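Okay, structure first, notes after.
Since every read-out is calculated from the coordinates, none of them should be taken as a lab result. As the structure is a prediction and not an experimental result, all values here were calculated from the model. No Cβ is skipped: glycine too gets one built from the backbone with ideal geometry, and neighbour counts run over all protein chains shown.
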Amino acid sequence: MSARPARIVDPHVHLWDPARTDWYPYLSGGRELNMGDVSGMSRRFDVPTYRSESAGWNVEKLVNVAAATGMHSVDETLELDRQADRDDGGQPDAIVGGLPPTETIAEGVALLDRQMGATRFRGVRPMGVSSDPLPPDELLGALEERGLLFELMAHPDQLVDAAQRLERFEDLVVVVEHTGWPRSADGAERQLWTSGMDALAALGDRVVCKLSGLAMPLGSMRVDALGPWLTQAIETFGVDRCMFASNFPVDAMHGTFDELYTTFTETVAGLGDDAVDKLFATNAERVYRI
C-alpha cells in the first residue's frame, strides 16, 4: 500500500440538498438521469458529511462546483458563500459558479458580476443544455477581463474544437473538467480523447486538467480501470498542470472516498513527494487561489 499524500485540496465537490427540489430536480426524481442506481449521490451532502467520508485523508481545503440548475446556480454561489461564513468553518474555500444561457451577452455579464459579490467565487462552468460546451466569445472575454477561470465540460469529440476557440484568450485560465469527460473506454473514444487532450495541453500553462469524474463512464474506481487514463493525462499536461479531485458525492455511486483516493495514490506511487503534493494539493491551491 502506497503512503497517503501529506495533504489534500479537493477541487471538485458538490455540496447540495435534494430537499431543494427547485435547485436540484434531478436528485429528487424530478428529472430522469438515465444513470442507473443514483442513491449514492441523491442525498444531502454538506461539509460535515464530506469530512466524515474523507476521514483518514488530510483534506485541508475544498472547492464547490456549481450543480444547481440554470439560474439557480447563481443563487447557489451566493448562498454557499454566506453559509461558509456563517456555520461551515469557512468552507468551501472556493466556489465555481454557474453560467446559465442568457438571451443577451449583457445578461450573461451581469450574472458574472452578481456572483463576484461572493468572496470565494473564482469562475464558472456552463449550466444548461447546449451543443456547444463554450459560451459566446464575448463572455469568455468577460471572464478573462475579470480574472475569472472557465471550467470546460466537453466530451472527447468536442475537445479539439474547444481548444481552437480558446486559443485566442491567452490570459483565460481554463480547467478541463473530469479528465476530458470520456463517455466510455471504447478505443475510438480513447483516440478522440487523446487528440483533444493534446490540443488543449498545447495551449500552454493556463490550461490545466482536473483528474476526476472517470468512475462514472468507466463504472469502477480500480487502478486498472482509472490508472491508464490518469497516467496519460498527467503525461500530456505535466505534473504542474494536473490535480486530483473527488467529484463527490457523484462518484460515490461507484465506491468510497477511500477507494478513490487510494487509486489516485497508487497511480502516482512512483513519483516523488514534491510531485505528489502538486497533484493532490498545491496545483489546486494555485489555480483556485486558496
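Each Lys or Arg adds one and each Asp or Glu subtracts one; over the other residues with Cβ under 15 Å from the Cβ of A154, this totals -4. For E138 and R286, a Förster radius of 25 Å and the Cβ-Cβ distance give a FRET efficiency of 0.35, rounded to the nearest 0.05. For T104, T265, T282, the sequence from fewest to most other C-beta atoms within 10 Å is T104, T282, T265. Taking amide H as placed 1.01 Å from N in the peptide plane, S246 has its amide H under 5 Å from the amide H of H12, each at least 5 places away in sequence or on another chain. Computed over region 1-77, the quotient of the alpha carbon radius of gyration and 2.2 N^0.38 Å is 1.27. Determine, from the Cβ-Cβ distance of D37 and A188 and an R0 of 25 Å, the FRET efficiency 1/(1 + (r/R0)^6), rounded to the nearest 0.05. Result of the calculation: an efficiency of 0.35.
Between R122, R190, R86, the GNM of the chain built on Cα springs shorter than 10 angstrom shows R86 fluctuating the most. Restricting attention to the chain, close to 5% of DSSP beta bridges with both partner residues there are antiparallel.
Note on the chain: with a GNM built from Cα contacts shorter than 10 Å, the maximum mean-square fluctuation among L143, L192, L279 falls on L192. For region 259-276, backbone phi angles converted through the Karplus equation (6.51, -1.76, 1.60; θ = phi - 60°) give residue-by-residue couplings of 5, 5, 6, 5, 4, 4, 5, 5, 4, 10, 4, x, 8, x, 4, 5, 5, 4 Hz, Gly and Pro being listed as x.
Within the listed set A110, A118, A199, the residue fluctuating most in the Gaussian network model of the chain (springs between alpha-carbon atoms under 10 angstrom) is A110. Put simply, the Cα atoms of region 90-167 extend 38, 27, 23 Å along their principal axes, the longest span coming first.
With K and R counted +1 and D and E -1, the other residues having a Cβ less than 12 Å from that of D132 yield a net charge of -1. Once the mean of 1/r is taken over each pair of separate Cα atoms and inverted, the chain shows a Kirkwood hydrodynamic radius of 19.0 Å.
Within the shell defined by Cβ-Cβ distances under 12 Å, the residues around E177 carry a net charge of +1, with Lys and Arg each +1 and Asp and Glu each -1.
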